[in-house]
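Student: Quick one: the structure is below, and I'll ask about it shortly.
The values are calculated or read from the model by the stated rules, or taken from the named source; none is laboratory data. Only a predicted model underlies this, so the values are computations on that prediction, with no experimental measurement involved. Positions of Cβ are generated from backbone atoms using ideal geometry, with glycine treated the same way; all protein chains shown enter the neighbour counts. Each accessible area value is taken on the protein alone, full model and side chains, heavy atoms only, with ligands, DNA and RNA left out. Shrake-Rupley method; radii C 1.70, N 1.55, O 1.52, S 1.80 Å.
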Amino acid sequence: FIPGILDLTPELISELNTLVQLNFTTPAILAANPDAVAIYFGGVNSQTMYYPNVDLAALVPPDFDITQRPWFMAAAPAQNPTKSAAWSDPYLDAATNGLIITVSYPVYDSSGRFRGVQGMDVQLNQITSVVGNLKIGETGHAFLLDKNKRLIAMPPAAYIDFGITPDDYPLGNVLDQAVLTKLSPDFSAAIDRMTAGESSLETVSINGIEHFMIYAPVSEVGYGLAIVVPAQELLAGATE
């Protein structure tokens, strides 16, 4: 896709001919990674290569400016002087009915000039499924939150612990203060520390029952993974 306001200069034509070499690698990457929904490149002049081919020109306005998209700006020099990967907040995709996260990475040429951003949309369904199916002991389980207390993976038992339902708080929603204040003070405080990137093993009260809670960060994307198990289950063997 090229915005209608751009002149098709020889320099731009040369760059597009270079970008077309993505045809030799990108479709294979998508095929080998079913969780990858789309891979794309946005240049500094708003030229865009998008895989799979969804006829982008029919989906966006003629003056569509890729450089103003949040994923582009997050990786561009102004917001990303360290030239590192930028991860978006998870969001619910209407087409796939699943959580999506976008990772974007800046592209520089050999002279150090910023040329654009490579992006990829990834479904979190597999991560959600893996975490949701973790079982520890008889009733222990795991859940995953991001740094804003957004639900990434929440099995039914975790919803019960928080006193909420999937209908009211589907994946991708943020736990608001009204929910957190209903939790025991020690459980709520542990959630705060977990989403702040800390790790610990603590004893907390959940619905009046003592639980062991261990949590640790998934630092690259700013998530916190927690496992909770009723203390009685883990201590039963020792008591016997």
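Student: Within the stretch 228-235, can one find any residue that is touching an Asp or Glu at 6+ places or on another chain (Cβ under 6 Å), open to solvent by 40 Å² or more (accessible area, probe 1.4 Å), in contact (Cβ under 8 Å) with a residue 12 or more places away in the chain and of a type outside the set (A, V, I, L, M, F, W, C)?
Tutor: Step one: of the stretch 228-235, the residues touching an Asp or Glu at 6+ places or on another chain (Cβ under 6 Å) are 231, 233.
Narrowing further to those that are open to solvent by 40 Å² or more (accessible area, probe 1.4 Å): 233.
With the extra rule that they be in contact (Cβ under 8 Å) with a residue 12 or more places away in the chain, the set shrinks to 233.
Next, only the ones that are of a type outside the set (A, V, I, L, M, F, W, C) stay: 233.
Checked against the condition, which is being touching an Asp or Glu at 6+ places or on another chain (Cβ under 6 Å), open to solvent by 40 Å² or more (accessible area, probe 1.4 Å), in contact (Cβ under 8 Å) with a residue 12 or more places away in the chain and of a type outside the set (A, V, I, L, M, F, W, C), the stretch 228-235 yields at least one hit.
Student: Ok, one more. Looking at Leu145, is it without any contact (Cβ under 8 Å) to a residue 40 or more places away in the chain, outside any loop (DSSP other than H, G, I, E, B) and either farther than 14 Å from Val229 by Cα or not hydroxyl-bearing (Ser, Thr, Tyr) (or both)?
Tutor: Details: without any contact (Cβ under 8 Å) to a residue 40 or more places away in the chain: no; outside any loop (DSSP other than H, G, I, E, B): yes; either farther than 14 Å from Val229 by Cα or not hydroxyl-bearing (Ser, Thr, Tyr) (or both): yes.
No, not satisfied.
Student: Looking only at the stretch 24-37, decide whether some residue is of a type in the set (Gly, Ala, Ser) and closer than 20 Å to Ala75 by Cα. Please lay out each step first, then the result.
Tutor: Taking the stretch 24-37 first, the residues of a type in the set (Gly, Ala, Ser) are 28, 31-32, 36.
Those left that are additionally closer than 20 Å to Ala75 by Cα: 36.
Yes, the stretch 24-37 has at least one match.
Student: Right, something else. Restricted to the stretch 174-210, and to residues that are in contact (Cβ under 8 Å) with a residue 40 or more places away in the chain and not in a loop (DSSP other than H, G, I, E, B), which residue is nearest to Ile101 (Cα to Cα)?
Tutor: Taking the stretch 174-210 first, the residues in contact (Cβ under 8 Å) with a residue 40 or more places away in the chain are 191, 194-197, 206-207.
Okay, now just the ones that are also not in a loop (DSSP other than H, G, I, E, B), so 191, 194-195, 206.
On the way: Ile191: 22, Met194: 20, Thr195: 18, Ile206: 30 Å.
Restricting to residues being in contact (Cβ under 8 Å) with a residue 40 or more places away in the chain and not in a loop (DSSP other than H, G, I, E, B), the top hit is Thr195.
Student: Among the listed residues Ser199, Ser219, which satisfies the condition of being at pLDDT 95 or above and farther than 20 Å from Tyr91 by Cβ?
Tutor: On the way: Ser219 fails: at pLDDT 95 or above.
Only one candidate passes the filter, namely Ser199.
Student: Somewhere in the stretch 75-90, is a residue modelled with pLDDT under 90 and among the small types (Gly, Ala, Ser)?
Tutor: Just the residues of the stretch 75-90 that are modelled with pLDDT under 90, to begin with: 88-90.
Applying the additional criterion that residues be among the small types (Gly, Ala, Ser) yields 88.
For the stretch 75-90, residues modelled with pLDDT under 90 and among the small types (Gly, Ala, Ser): present.
Student: Still on this structure: Looking at Val117, Val130, Val122, Val107 in this structure, which one is free of Cβ contacts under 8 Å to residues at least 40 places away in the same chain and either assigned to a strand (DSSP E or B) or loosely packed, with under 15 Cβ neighbours inside 10 Å (or both)? Write out each step before concluding.
Tutor: Details: Val117 fails: free of Cβ contacts under 8 Å to residues at least 40 places away in the same chain; Val122 fails: free of Cβ contacts under 8 Å to residues at least 40 places away in the same chain; Val107 fails: free of Cβ contacts under 8 Å to residues at least 40 places away in the same chain.
Being free of Cβ contacts under 8 Å to residues at least 40 places away in the same chain and either assigned to a strand (DSSP E or B) or loosely packed, with under 15 Cβ neighbours inside 10 Å (or both) holds for just one of Val117, Val130, Val122, Val107, which is Val130.
Student: Go through the stretch 187-227 and give me each residue that's farther than 18 Å from Pro155 by Cα, open to solvent by 60 Å² or more (accessible area, probe 1.4 Å) and over 27 Å from the mean Cα position of the chain (by Cα).
Tutor: Matches in the stretch 187-227: Thr203, Gly208, Ile209, Glu210.
Student: Could I ask something else about it? On the basis of being of a type in the set (Gly, Ala, Ser), touching a residue at least 60 places away in the same chain (Cβ under 8 Å) and open to solvent by less than 90 Å² (accessible area, probe 1.4 Å), does Gly112 make the cut? Lay out the reasoning, then the answer.
Tutor: Details: of a type in the set (Gly, Ala, Ser): yes; touching a residue at least 60 places away in the same chain (Cβ under 8 Å): no; open to solvent by less than 90 Å² (accessible area, probe 1.4 Å): yes.
For Gly112, the condition - of a type in the set (Gly, Ala, Ser), touching a residue at least 60 places away in the same chain (Cβ under 8 Å) and open to solvent by less than 90 Å² (accessible area, probe 1.4 Å) - is not met.
Student: Against the condition within 13 Å of Lys147 (Cα to Cα), of a type in the set (A, V, I, L, M, F, W, C) and in a helix (DSSP H, G or I), how does Ile160 come out, does it pass? I'd like the intermediate steps shown before the answer.
Tutor: Working: within 13 Å of Lys147 (Cα to Cα): no; of a type in the set (A, V, I, L, M, F, W, C): yes; in a helix (DSSP H, G or I): yes.
For Ile160, the condition - within 13 Å of Lys147 (Cα to Cα), of a type in the set (A, V, I, L, M, F, W, C) and in a helix (DSSP H, G or I) - is not met.
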